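One structure is given below, encoded as structure tokens.
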Amino acid sequence: MPIVNRFADLADEIAAWRRDLHEHPEIGYDTVRTAAVVAERLAEFGCDEVVTGIGRTGVVGVIKGAGAGPTVGLRADMDALPILEKTGKTWTSKVDGKMHACGHDGHTAMLLGAAKYLAETRKFAGTVVLIFQPAEEGGGGAKAMIDDGLLTRFGIDRVFGMHNWPGQPVGKFMIRTGPQMASADRFTITVEGLGGHAARPHLSCDPIVAGSAIVTAAQAIVGRNVDPNEAAVVSVTTFHAGTADNIIPQSATLTGTVRTLRAEVRDLVEERLGQVVEQVGAAYGVKATLAYRRDYPVLSNHEVDAQFAGDVAAMIVGEQNVDRNATPTMGGEDFAFMLEERPGAFIFAGVGEDVANLHNESYDFNDELIPVGCSYWTQLVETALARAT
């Protein structure tokens, strides 16, 4: 029976796992229940080894094939987001202010489905390491697992990831060689002025006016300093100042994010943003300082592995449904840390053209993707770790 039909038979069971996870979302490293559910299922499936507590709350399952061979890692993320769900589904979140708005419940369920099949069939030579990671949404859970010895302890040679993608039909895969997702950095700008009465602005140094000028000037970094052939984003996303309408505040705090697709552009934007903050602040008579934190690096697919992942997807859905030159996205993904340490690739899988955007209160993972995603994982393993004939 073809693998896709095998998962068609299991699709309802896997969807039930997914919906249970959806009802009980957990954020960041607090994926305690989720990790326990994952570990319990992996043990039930007969994994050769189940290890918890990697990267605080990460879970690893090991399945050995029928014979010696290399080791391939497959990663799914488990964490949810601090959003109040408004899907109206019967399996809606039972935790106010938390929901699976990025489909990590689906990612976890699909990898569990693949684990069940692989542990049962073992039609490969080598080892599969199933990686269930916490804190992808800004917490750097991938790096935490690496720092805990994930890649070396389990001897992982190649590593692969997958993410659902709204706006594309189920059965459409998207991948590219090289940079596919942006670096994701954070910054805080502190503007220290001189507070006073709003009716006597000449006796104050207004941090709101100065901060506004910094926001405007920062937009020119992309438009006038970055090569137009490169990609970069500078977004100021919060601006906090003031307590009343008749008071010029003493200070203001701004935060935001920078996204780039190349290390050189990342360096340039960080340098120019520091100059803009300091010099525009000085022009307005305030002291403005920048605190810049580099978070996730650029997610860059390795050439051989991106080609391989695309080939595997084509085995499942046909070459006509695989976009091998997908447009990069400026979203960030901490799987990038794993690709800095090991060869591998990250692929997008369409989850439906009518599915709400990621990180939206109306988003819900489309369970129609389950048999396709599970089939991709199992086909990848059986191809990468093909037994000699």
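The values are calculated or read from the model by the stated rules, or taken from the named source; none is laboratory data. As the structure is a prediction and not an experimental result, all values here were calculated from the model. So basically every Cβ, Gly included, is an ideal-geometry build from the backbone, and we count neighbours across all protein chains shown.
Sort out which residues of the range 277-310 are under 30 Å from the mean Cα position of the chain (by Cα), assigned to a helix (DSSP H, G or I) and touching a residue at least 40 places away in the same chain (Cβ under 8 Å), and write them in order of number. Full working, then the answer.
In the first step, residues of the range 277-310 are kept if they are under 30 Å from the mean Cα position of the chain (by Cα); the result is 277, 289-310.
Restricting the remaining residues to those that are assigned to a helix (DSSP H, G or I) gives 277, 303-310.
Within the range 277-310, VAL277, GLU303, ASP305, ALA306, GLN307, PHE308, ALA309, GLY310 meet the criteria.
Candidates are the residues of the range 264-304 that are among the basic types (Lys, Arg) and under 12 Å from ILE189 (Cα atoms); the one that is surrounded by the most Cβ atoms within 10 Å (Cβ to Cβ) is LYS287.
What about GLY53, is it surrounded by fewer than 19 Cβ atoms within 10 Å (Cβ to Cβ), more than 22 Å from the chain's Cα centre (by Cα), under 22 Å from VAL129 (Cα atoms) and modelled with pLDDT of 95 or more? Reasoning before the result, please.
Working: surrounded by fewer than 19 Cβ atoms within 10 Å (Cβ to Cβ): yes; more than 22 Å from the chain's Cα centre (by Cα): no; under 22 Å from VAL129 (Cα atoms): yes; modelled with pLDDT of 95 or more: yes.
So GLY53 fails the test.
For the range 10-48, the set of residues classified as in contact with a Leu (Cβ under 9 Å, 6 or more places away or on another chain) and either part of a strand (DSSP E or B) or among the aromatic types (Phe, Trp, Tyr) (or both) consists of TRP17, ILE27, PHE45, listed by residue number.
Every residue, every condition in (1) of a type in the set (Asp, Glu); (2) under 26 Å from ASP305 (Cβ atoms); (3) in the same structural domain as GLU361 (by TED's automatic domain parsing); (4) in contact (Cβ under 8 Å) with a residue 24 or more places away in the chain, yes or no:
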{"residue": "ASP12", "(1), (2), (3), (4)": "yes, no, yes, no"}
{"residue": "ARG33", "(1), (2), (3), (4)": "no, no, yes, no"}
{"residue": "ARG56", "(1), (2), (3), (4)": "no, no, yes, yes"}
{"residue": "GLY69", "(1), (2), (3), (4)": "no, yes, yes, yes"}
{"residue": "GLY73", "(1), (2), (3), (4)": "no, yes, yes, yes"}
{"residue": "LYS86", "(1), (2), (3), (4)": "no, no, yes, yes"}
{"residue": "ASP96", "(1), (2), (3), (4)": "yes, no, yes, no"}
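Selection within the range 343-372: residues that are more than 19 Å from ALA80 (Cβ to Cβ) and in contact with a His (Cβ under 9 Å, 6 or more places away or on another chain). The member of this set that is surrounded by the fewest Cβ atoms within 10 Å (Cβ to Cβ) is PRO343.
Check GLU271, GLU230, GLU264 and return the single one that is in contact with a Leu (Cβ under 9 Å, 6 or more places away or on another chain) and either among the hydrophobic types (A, V, I, L, M, F, W, C) or farther than 24 Å from VAL209 by Cβ (or both).
Details: GLU271 fails: in contact with a Leu (Cβ under 9 Å, 6 or more places away or on another chain); GLU264 fails: in contact with a Leu (Cβ under 9 Å, 6 or more places away or on another chain).
The unique qualifying residue is GLU230.
Of all the listed residues (VAL233, VAL265), the sole one being in a strand (DSSP E or B) and within 21 Å of PRO179 (Cα to Cα) is VAL233. Just wondering, is there one or more residues in the range 88-98 that are outside any loop (DSSP other than H, G, I, E, B) and of a type in the set (A, V, I, L, M, F, W, C)? Within the range 88-98, none of the residues are outside any loop (DSSP other than H, G, I, E, B) and of a type in the set (A, V, I, L, M, F, W, C). Going by the structure shown, is ALA115 assigned by TED's automatic domain parsing to the domain that holds ASP367, closer than 19 Å to ILE347 by Cβ and assigned to a helix (DSSP H, G or I)? It is true that ALA115 is assigned by TED's automatic domain parsing to the domain that holds ASP367, closer than 19 Å to ILE347 by Cβ and assigned to a helix (DSSP H, G or I).
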